[in-house]
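Written below as structure tokens is the structure these notes are about.
The values are calculated or read from the model by the stated rules, or taken from the named source; none is laboratory data. Since the structure is predicted, the reported quantities are computational estimates derived from the model, not experimental observations. When we count neighbours, we look across all protein chains shown, and the Cβ atoms used for this are built from the backbone with ideal geometry, even at glycine. Side chains included, ligands, DNA and RNA excluded: accessible areas come from the protein's heavy atoms. Shrake-Rupley method; radii C 1.70, N 1.55, O 1.52, S 1.80 Å.
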Amino acid sequence: MLRQSKASPLLSLPGAVAAEAPDEGVAAHYGDLFREQRALAGGSGFVDLSHRGVVTVTGPDRLSWLHLLITQHVSALPPGQATEALILSANGHIEHALYLVDDATTTWAHVEPGTEGDLIAYLESMKFFYQVEVADRTADFAVVHLPAGSIAEVPDGVTVRETPHGRDLFLPRAELPDFAAAHGPAAGILAYEALRVETHRPRVGRETDHRTIPHELGWLGTAVHLQKGCYRGQETVARVHNLGKPPRRLVFLHLDGSEVSLPGHGAPVRLASDGPEGRQLGFVTTSARHHELGPVALALVKRNVPVDAALLVGEATAASQEVVVEP
């Protein structure tokens, strides 16, 4: 069951405008979306992701146990090395994405807002005789993102998950206001999402629906280890990988900048040549206004849509596509 996000104390900062679903509880922006994007792209500022769920696993069996449940190879994960992993249904459909790091005693993960309860319920059901303890630490720790290139100092004792896109900090929640005062300016979730779209990074609940498999989103390269088995949904992963024919593929869209509003999540995608009455071939997953590229989006379309085809989003927005997942 989804929890109601607790409002971040940073919503009291000057200019803060609250974000809408699925990012309630943090700021959409602090008054200047493009300035905030440029700051992040340049390696300054931070993003409040305190609405995300935080889950920890402790105990001597934590890595070998997680290795059996998730799509990633983590049985020998070195301390401090970041990775990401999925939990799939029995049919190979994506249920959860975990953004992981181990600190030699605890495995930390942040997950989509409000999903930690369902994730923990599944993990608890799979403990059996393993020496592990699973805990919801969302009330105690807030996720904060520092962009790539940031020289901000991390407070002592804070667990850090470092990736090519920046550092995710598992910051004690009570320290969030002091951190913001020392490491501003803050950037809102819309700036963070625009850069995520630019770098084609999928997000559960945005780029996924009830039947999405990892191959469709390019997650095989970052979240799925193809040389391991023994996890739920592995048969589907292996079969589709060997056949090379996932039913859909993720694309990056450049949208017509003359439109006033962005297409919403789920907006239909069609061939431009077929017009607004044509057959729907996909849907928009996330759209954003980028400080350099203008209006852009990620979309999930049928695999056989020609890669050079001009597309129509919604009723009237023209779009050109860039390949993210090869057909």
Please work out the Cα center distance from region 257-327 to region 223-250, rounded to the nearest Å. 26 Å
Picking from ALA223, ALA180, VAL17, whose Cα lies most toward the positive end of the charge dipole for the chain (charges on Cβ: Lys, Arg +1; Asp, Glu -1)? ALA223
Label-point separation in nm, VAL323 to VAL307, each point 7 Å along Cα→Cβ: 0.1 nm
How high is the relative contact order of the chain, in percent, with contacts defined as C-alpha pairs under 8 Å that are six or more residues apart? 19 percent
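Starting from 0.36 nm per residue, how many nanometres of slack lie between GLU153 and ASP209 once their C-alpha separation is accounted for? Can you show the working numbers first?
Numbers: separation 56, 0.36 × 56 = 20.16 nm, distance 3.81 nm.
My answer for the length gained is 16.3 nm.
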What nm distance separates the two modelled labels at SER75 and GLU162, each placed 7 Å from Cα along Cα→Cβ? 2.8 nm
Taking all protein chains in place and a 1.4 Å probe, what share, in percent, of the accessible surface of the chain do carbon and sulfur account for? 53 percent
What ranking do 11-23, 198-210, 181-193 get when scored by the average of other Cβ atoms within 10 Å per residue, highest first? 181-193, 198-210, 11-23
Non-local residues with an amide H under 5 Å from the amide H of THR285, with H modelled 1.01 Å from N and Pro and chain starts lacking one, are GLY266, LEU298, ALA299, LEU300
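In nm, what is the difference between 0.36 nm times the number of residues separating ALA174 and ARG239 and their Cα-Cα distance?
Fully extending the segment from ALA174 to ARG239 adds 18.7 nm.
Can you give the relative contact order of region 76-211 as a percent, counting alpha carbon pairs under 8 Å and 6+ residues apart?
Working: 151 pairs, mean separation 28.4, N = 136.
Once normalised by length, the contact order is 21 percent.
If you roll a 1.4 Å probe over the heavy atoms of the protein chains, what accessible area per residue do you get for the chain, in Å²?
Numbers: 14240 Å² over 327 residues.
Averaged over the residues of the chain, the accessible area is 44 Å².
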Starting from the 7 Å offset along Cα-to-Cβ, what nm value, one decimal, do you get for the label separation of ASP103 and ALA272? 5.1 nm
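Give me the extension gain from ASP61 to ALA121: residue separation times 0.36 nm, minus the current Cα-Cα distance, reported in nm with one decimal.
On the way: separation 60, 0.36 × 60 = 21.60 nm, distance 1.83 nm.
So the extension gain works out to 19.8 nm.
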